[in-house]
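Inspection log for the structure reproduced underneath, given as structure tokens.
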Amino acid sequence: MVTKRYLVAANWKMNGSREQADVLVRTLVDAGIAAINADIALCPASPYLAQVAQALAGTPLALGGQNLHMDDCGAHTGEVSGAMLKDVGCRYVIVGHSERRCGGETDVDVAQRVAAALRNGLIPILCVGESAQERDAGKWCEVLERQLGSVVDHCGIAAFGELVLAYEPVWAIGTGNTATPEQAQEAHAAIGRYLMEAGLEAAHLPRVLYGGSVNAANAQGLFAMPAIDGALVGGASLVAQEFVAICRAAAISAGQ
């Protein structure tokens with residue numbers, strides 16, 4: 001029997017209100033999500049972190065932030081530090097999401113954020129992935145290695161034993177165009193090979209999630225791939241029924 005334990009993380013992005021956050025968490029809990037045999041994290045927008053933390057109290061569900069600054073404090077108006085995320089109860093933080101990379105975050109910026117997360121006892125969910133143009137040009141593997149290499153250079157290869165990776169092809173984010181299970185498997189396997197060639201022992205390889213228009217209809221096919229260890233879910237995580245179905249698909253794939 002397969003014993004792998006999947007991680008399913010909900011990225012709510014810049015969506016929601018106090019009322020919507022309360023209703024969504026309550027609906028998820030009432031649907032029995034806490035009893036599903038998978039690690040599950042909710043990543044709301046920063047203004048709702050404390051509220052969601054309170055709603056999750058007493059459940060095994062984890063809280064995550066959507067970004068963090070490289071510094072732990074200071075004159076950075078509008079930013080959120082890893083220390084702050086830890087203080088409100090976060091376990092995870094998303095780092096290097098393609099929507100932020102497309103907005104100007106560099107590979108070095110992302111690596112510094114990974115370091116800040118680890119320094120503050122948070123588990124980074126490090127996002128990597130190629131654009132449509134890069135895939136069409138056959139450069140997707142080169143892109144992944146460049147993005148991963150920046151973190152290796154800044155944090156050391158051992159850092160990958162303390163984080164989670166998310167492969168999210170930019171061309172599949174919010175487009176409805178999901179990578180095929182075979183495409184995702186190929187990319188996830190390439191990530192594992194690169195990390196081992198860089199010196200990481202197989203026993204310390206991180207979980208690699210797939211992100212990119214994951215929904216209840218395609219989750220089972222993705223989770224059936226041996227190198228896929230869960231999902232970073234965007235739009236579908238805002239619909240309780242969809243997100244619960246994705247989490248249940250993860251538990252089924254794990255043989256639980």
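Name the single residue that is nearest to Pro60 (Cα to Cα) among those in region 111-134 being among the β-branched types (Val, Ile, Thr) and buried (at least 24 other Cβ atoms within 10 Å of the Cβ). Looking at the filtered set, the residue picked out is Ile125. When Ala179 is tested against (1) modelled with pLDDT under 95; (2) aliphatic (A, V, I, L, M); (3) assigned to a helix (DSSP H, G or I), only condition (3) is not met.
Quick check, is His188 part of a helix (DSSP H, G or I), at pLDDT 95 or above and over 20 Å from Tyr6 (Cα atoms)?
On the way: part of a helix (DSSP H, G or I): yes; at pLDDT 95 or above: yes; over 20 Å from Tyr6 (Cα atoms): no.
No.
For region 100-151, a residue qualifies if it is touching a Ser or Thr at 6+ places or on another chain (Cβ under 7 Å) and either among the small types (Gly, Ala, Ser) or assigned to a loop (DSSP other than H, G, I, E, B) (or both), and the qualifying residues are Ala111, Gly129. Within region 192-216, if we keep just the residues that are out of contact with any Cys (no Cβ under 9 Å at 6 or more places or on another chain) and assigned to a helix (DSSP H, G or I), the residue that is surrounded by the fewest Cβ atoms within 10 Å (Cβ to Cβ) turns out to be Ala203. Restricting attention to region 25-44, the residues being surrounded by 14 or more Cβ atoms within 10 Å (Cβ to Cβ) and free of Cβ contacts under 8 Å to residues at least 24 places away in the same chain number 0. Scanning region 227-251 for residues that are assigned to a helix (DSSP H, G or I) and crowded, with 24+ Cβ neighbours inside 10 Å turns up Ser237, Phe243, Ile246, Cys247, Ala249, Ala250. The single condition from (1) in contact (Cβ under 8 Å) with a residue 60 or more places away in the chain; (2) under 13 Å from the mean Cα position of the chain (by Cα); (3) surrounded by fewer than 18 Cβ atoms within 10 Å (Cβ to Cβ) that Arg91 fails is (1).
Of the residues in region 114-128, how many are of a type outside the set (A, V, I, L, M, F, W, C) and farther than 22 Å from Ile40 by Cα? Give the steps one after another, and end with the answer.
Applying the first criterion (of a type outside the set (A, V, I, L, M, F, W, C)) to region 114-128 yields 119-121, 124.
Next cut, farther than 22 Å from Ile40 by Cα only: 119.
Summing the residues that are of a type outside the set (A, V, I, L, M, F, W, C) and farther than 22 Å from Ile40 by Cα in region 114-128 gives 1.
With respect to (1) more than 19 Å from Gly234 (Cα to Cα); (2) surrounded by fewer than 16 Cβ atoms within 10 Å (Cβ to Cβ); (3) more than 16 Å from the chain's Cα centre (by Cα); (4) of a type in the set (Lys, Arg), the lone exception for Arg5 is condition (3).
Contact list please: Cβ distance under 9 Å, first residue in region 194-223 and more than 23 Å from Ile252 (Cα to Cα), second residue modelled with pLDDT under 95, pairs at least six apart or on different chains. Here the result reads none, with nothing in region 194-223 linked to a residue that is modelled with pLDDT under 95. Whenever a residue of region 49-77 is without any contact (Cβ under 8 Å) to a residue 40 or more places away in the chain, its partners that are of a type in the set (Val, Ile, Thr) and assigned to a loop (DSSP other than H, G, I, E, B), lying with C-beta atoms within less than 7 angstrom and at least six residues away or across chains, give the pairs Ala50/Val88; Ala53/Val88. If you go through region 42-86 and keep only what is touching a helix residue (DSSP H, G or I) at 6+ places or on another chain (Cβ under 8 Å), hydrophobic (A, V, I, L, M, F, W, C) and within 16 Å of Phe243 (Cβ to Cβ), you end up with Leu42, Val52, Ala55, Leu56, Leu61, Ala62, Leu63.
Taking region 217-226 on its own, how many of its residues are surrounded by fewer than 18 Cβ atoms within 10 Å (Cβ to Cβ) and either under 18 Å from Gln20 (Cα atoms) or of a type in the set (Gly, Ala, Ser) (or both)?
Result for region 217-226: 3.
Just so you know, in region 160-189 the residues that are among the hydrophobic types (A, V, I, L, M, F, W, C) and closer than 21 Å to Ser253 by Cβ include one that is surrounded by the fewest Cβ atoms within 10 Å (Cβ to Cβ), and it is Ala189.
The values are calculated or read from the model by the stated rules, or taken from the named source; none is laboratory data. In this text, all values refer to a predicted model and were calculated from it rather than measured experimentally. Every residue, glycine among them, receives a Cβ derived from its backbone with ideal geometry; neighbour counts consider all protein chains shown.
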